[in-house]
Amino acid sequence: MIDFVVLVLLTIITASTPLVFAAIGEIVVEKAGVLNLGVEGMMIVGAIGAFAVAVTTGDATLAILAGALSGLVLAFIFGFLTLYLLSNQVATGLALTLFGIGFSALLGNGFVGQTYGGLPHLDIPILSDLPIVGQLIFGQDILVYLSVVSAIGVTWFLGRTRWGLAVRAVGENHDAAHSIGFSVALIRMGAVLFGGAMAGLGGAYLSLAHTPLWVENMTAGRGWIALALVVFASWKPWRAFFGAYLFGGITIIQLHAQGFGLDVPSQILSMLPYLATIVVLVLISRDDSRLRLSAPACLGRSFHASG
Amino acid sequence: MLIRLEPRAEASRAMVYQSPLIAVVLTLIAGMIMFRIMGTDPLQAVHAFFIEPISTLDGVAELLVKATPLILIGVGLSLGFQANIWNIGAEGQLTLGAIFGGVVALAFFDVESVFLLPAMLIAGIIGGMLWAAVPAFLKARYNTNEILTSLMLVYVSFLLLSFLITGPLRDPDGFNFPESRLFHDSAVLPIILEGTRLHIGFLVALLFAVLAWLMIVKHIIGFQIKVIGMAPAAASFAGFKEKKLIWLTLLISGGAAGLAGAIEVSGPIGQVIPVVSPGYGFTAIIVAFLGRLNPVGVILAGILMALTYLGGDSAQITMNLPNAVTGVFQGMLLFFLLASDVLIRYRIRLGALRVREVTPRQEGVT
């Protein structure tokens with residue numbers, strides 16, 4: 001029984017980590033007042049970027065960096081279009097997702113069917129061999145630890161640093177931020193690039209650790225679920241972290257359904273994360289005033305300083 | 001800065017129509033660079049992609065077959081997009097339309113009646129509308145973001161189809177393959193061009209585009225849709241019912257996508273299969289933008305985007321290029337279109353800013 005619980009907890013961590021990366025990254029983007037709906041596209045390109053490098057070089061660190069860089073490059077296209085050419089953020093985000101899915105399929109064409117051994121896990125003598133907590137806390141791979149660090153780091157950055165304040169200022173009132181001398185476009189670009197790198201890491205985790213394979217469309221809507229998580233978390237990183245674990249828990253029900261003694265078709269169980277996302281969104285958006293209080297005031301609005 | 005954007009006093013009408021042309025040219029150039037990087041002869045690849053597929057009558061017919069769902073869905077979506085209502089889940093509504101249409105065809109498998117096809121198409125419309133009613137209800141009632149809810153339902157619809165096709169709808173004599181029985185002749189759309197696959201659904205799509213155009217141009221609803229998109233506050237002062245328009249635009253676009261799904265299974269496919277669409281519901285988003293959210297423009301854009309599907313297949317066969325090139329072309333086209341659209345509201349100025357041009361006014365644009 002204990003073994004089963006540990007197994008379930010391990011799969012929850014695996015299912016949640018990509019969501020943590022993508023949601024935390026998108027929180028920074030939206031805090032800066034930019035709505036990037038292209039998370040799914042950045043994740044899938046991150047997944048193939050990381051997997052391609054992992055298979056060709058065999059170097060896990062390089063692969064992780066490649067994943068982040070792939071997401072970042074895609075985010076740059078989005079940032080350039082929305083911040084400098086002032087294109088509609090909703091439409092551009094959708095374009096990013098459509099392009100990302102097509103582009104990743106093209107890049108991944110030669111990698112279908114190849115395998116990768118998975119990321120190395122932490123192995124501390126004694127600690128990693130402890131019952132239960134050994135595997136759960138001291139035996140994860142680097143990206144799981146990085147996801148925790150990023151949640152804490154972003155909370156600290158947004159709340160406690162001068163640049164975090166600048167990001168929030170640009171997101172709450174870009175006219176005021178501009179008038180006191182902040183470069184709205186540059187700060188937003190920084191946030192967009194960070195969000196892209198994080199989505200890329202989320203994708204990298206999918207193809208390096210979650211299912212160390214390349215499959216077209218393997219993100220399967222996780223980018224969109226991450227977007228919903230941002231709203232669910234009221235733009236607070238630590239709430240997004242726990243939200244991601246909640247969703248990770250729902251996602252793995254189908255994997256362990258037989259262990260739980262459930263006899264429901266697998267397709268019906270696979271619907272759960274998507275249906276849960278809808279339910280959660282309804283619960284959150286019913287409370288209109290709270291949503292309006294926590295959402296960045298300039299979210300989704302373009303800024304052009306004439307001069 | 002040497003290159004800068006200067007707001008136009010008035011949005012340029014001419015650029016609205018020139019920008020798609022600029023985008024197509026830029027996409028072609030970028031595509032040729034991409035082919036070069038992939039190690040193929042760019043001119044030969046472009047020929048295989050864009051010319052070869054439509055060099056025969058059969059090819060042209062196939063182009064219109066693929067354009068049919070794109071036009072239907074693109075027209076439907078463009079109504080909502082004008083009102084800033086973003087139905088992103090057309091692929092799911094299409095899937096539901098295919099399921100509903102397919103269930104009718106299989107339920108009356110042995111019935112030979114002229115009413116069977118209309119019943120299938122109506123069932124498809126109802127299926128699409130039901131699926132779009134969920135985001136409509138949630139947005140109208142709880143102000144829930146329709147982008148995310150409609151998109152989540154796409155994944156649910158895929159799983160629903162997968163469940164049905166491996167269970168209740170599976171061909172009893174099909175050796176456990178996840179496919180339904182082939183529809184009888186009375187459940188298959190009539191062909192309008194002998195010897196090709198071009199079916200009557202294309203005319204249905206054209207008719208729908210004309211009706212939508214009339215509604216936008218002539219009917220008060222069309223006016224309300226445009227006002228609510230451009231000036232929501234003005235719309236609410238004028239007493240336009242926003243909730244009614246949320247329901248209306250989502251039901252129309254959902255119904256159109258459902259119809260497209262029913263047409264796909266009763267036309268080119270002829271049975272229910274696990275994947276009924278190569279992403280028509282998502283590509284139609286690009287079609288709607290490329291067609292300038294105008295039904296007539298959507299017809300042209302739908303035909304152009306259909307060519308990218310044919311081109312992908314053709315390039316795969318003749319030049320051994322991966323089929324995924326299609327998706328890349330579609331994504332690039334939307335990128336370049338959105339980038340060119342900046343010229344509608346701004347003009348590009350070279351050289352440094354002169355002092356007298358400085359105005360304290362700021363252009364907040366959404």
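The values are calculated or read from the model by the stated rules, or taken from the named source; none is laboratory data. What you see is a predicted model; the values in this text were computed from it and never measured. Positions of Cβ are generated from backbone atoms using ideal geometry, with glycine treated the same way; all protein chains shown enter the neighbour counts. These accessible areas exclude ligands, DNA and RNA; they are computed on the full protein's heavy atoms, side chains included. Shrake-Rupley method; radii C 1.70, N 1.55, O 1.52, S 1.80 Å.
What the table shows:
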{"read-out": "Area projected by the alpha carbon convex hull of the protein assembly as shown, averaged over all directions, nm²", "value": "32.1"}
{"read-out": "Long pairs among B:Lys218/B:Lys244; A:Lys31/B:Lys243; B:Lys139/B:Lys226; B:Lys218/B:Lys243, criterion Cα-Cα beyond 25 Å", "value": "A:Lys31/B:Lys243"}
{"read-out": "Proximal aspartates and glutamates relative to A:Lys236, as straight alpha-carbon distance under 19 Å, when same-chain residues fewer than 8 apart are discounted", "value": "A:Glu26, A:Glu30, A:Glu172, A:Asp287, A:Asp288"}
{"read-out": "Solvent-accessible area of A:Thr56 with every protein chain in place, 1.4 Å probe, in Å² to the nearest 10", "value": "100"}
{"read-out": "Accessible surface of chain B [probe 1.4 Å, protein heavy atoms]: carbon and sulfur percent", "value": "68"}
{"read-out": "With all protein chains modelled, accessible area of A:Asp3 [1.4 Å, Å²]", "value": "120"}
{"read-out": "Residue-level accessible surface for A:Trp156, protein heavy atoms, 1.4 Å, Å²", "value": "150"}
{"read-out": "Accessible surface, per residue, of chain B when the full set of protein chains is kept, probe 1.4 Å, Å²", "value": "44"}
{"read-out": "Rg/Rh for the range B:228-281, where both radii come from Cα atoms and Rh is the Kirkwood radius", "value": "1.26"}
{"read-out": "Relative contact order, percent, the range B:17-353 [alpha-carbon distance under 8 Å, six or more residues apart]", "value": "34"}
{"read-out": "Rel. contact order, % - alpha carbon contacts under 8 angstrom, at least six apart, the range A:2-294", "value": "36"}
{"read-out": "Span-like helix ranges in chain B, DSSP H, alpha carbon extent 27 angstrom or more, Kyte mean at least 0.0", "value": "B:13-37, B:57-82, B:116-142, B:146-165, B:242-264, B:295-319"}
{"read-out": "Most to least accessible of B:Ser12, A:Ser179 (protein chains only, probe 1.4 Å)", "value": "A:Ser179, B:Ser12"}
{"read-out": "Shape box of the range B:194-351 [Cα atoms, principal axes, largest first, Å]", "value": "57, 52, 28"}
{"read-out": "Radius, Kirkwood style, for the range A:39-95 when every pair of distinct Cα atoms is counted (Å)", "value": "11.8"}
{"read-out": "Pairs of alpha carbons in the range A:157-307 whose separation is greater than 21 Å (percent)", "value": "57"}
{"read-out": "Helix-only [θ]222 nm of chain A, DSSP H runs n ≥ 4, -39500 (n - 2.57) each, per residue, nearest 500", "value": "-22500 deg cm²/dmol"}
{"read-out": "Kirkwood Rh, angstrom, the range A:61-205 [1 / mean 1/r, Cα pairs]", "value": "17.9"}
{"read-out": "Evaluated at q = 0.10 Å⁻¹: base-10 log I(q)/I(0), Debye formula over Cα of the range B:94-198", "value": "-0.37"}
{"read-out": "Mean separation of Cα contacts under 8 Å, 6 or more apart, over the residue count of the range B:37-191: relative contact order %", "value": "23"}
{"read-out": "Span-rule helices in chain A, defined as complete DSSP H runs reaching 20 Å or more along the axis (Cα) with Kyte mean at least -0.5", "value": "A:2-31, A:39-57, A:60-79, A:89-108, A:142-160, A:184-205, A:237-251, A:272-286"}
{"read-out": "Helix-only [θ]222 nm of chain B, DSSP H runs n ≥ 4, -39500 (n - 2.57) each, per residue, nearest 500", "value": "-21500 deg cm²/dmol"}
{"read-out": "Dipole moment magnitude, nearest 20 debye, the range B:17-353 about Cα centre, only Lys, Arg, Asp, Glu C-beta charged", "value": "1620"}
{"read-out": "Longest to shortest principal axis, alpha-carbon extents of chain B, angstrom", "value": "80, 58, 33"}
{"read-out": "Solvent-accessible area buried by pairing B with A, both sides, nearest 100 square angstrom, 1.4 angstrom probe", "value": "4300"}
{"read-out": "Alpha carbon Rg of chain A, scaled by the compact-globule rule 2.2 N^0.38 Å", "value": "1.00"}
